Amino acid sequence: MISLLPINIMENLTKMNVAIESVTWWCHCSDRNEKQFGCPHGMGGPESDFYNGWYSEMGYEFEMFEIPAEKFQELNYNDNFPSNIKTINDEIKDYVNDLSKARGYSKCLTPAFWLSVPDGWKRIKYMKN
Ligand SMILES: [Zn+2]
């Protein structure tokens, strides 16, 4: 079973009316995970700002999940948008939960959520450095 943190993040995004478009996976490379799960896995990546260790991207050939573009076009920010977001995010949640039970899944893996935001949104800040 996956940790509760990604589940809480997904539920909070739904409450904020933010849809998750896709999921990619990252190996959390900490000393503990290296001993327990044989990390690092993946292609490499940045040091974590929040946890001990760093994250290594697994790449699309490992696994990814994407809500089809047509489904997002159906949403079209209409009156049903909030309930559509819940439907989409619940589908993502099912995918994340199911993958965590799949053969080949390692507990070092963390889902990364790609969010759907309106075209007009601007980043206040991208990265710390
Ligand atoms: Zn790993």
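The gain in end-to-end length when the residue 15 to residue 101 segment is fully stretched comes to 28.3 nm, 0.36 nm per residue minus the alpha carbon separation.
Put in line by how crowded their Cβ is, counting other Cβ atoms within 10 Å and starting with the fewest, 83, 106 read 83, 106.
Using unit Cβ charges (K, R positive; D, E negative) and no other charged atoms, how large, in debye to the nearest 20, is the dipole of the chain about its Cα centre? Walk me through the numbers on the way to the answer.
Numbers: 13 positive and 18 negative charges, 97 e Å.
The dipole magnitude comes to about 460 debye.
Taking Cα atoms only, the orientation of helix 81-99 departs from the longest principal axis of the chain by about 20 degrees. A 22 angstrom limit on the alpha carbon distance is what I want to check against. Which of 86/122; 35/107; 71/93; 15/93 exceed it? Pairs exceeding 22 Å: 86/122.
Note on the chain: helix-only mean residue ellipticity at 222 nm, from DSSP H runs of 4+ residues weighted -39500 (n - 2.57) and normalised by residue number, equals -10500 deg cm²/dmol.
Rule-based calculations on the coordinates, nothing more; no lab input. In this text, all values refer to a predicted model and were calculated from it rather than measured experimentally. Every residue, glycine as well, gets a Cβ built from its backbone with ideal geometry; the counts of neighbours run over all protein chains shown.
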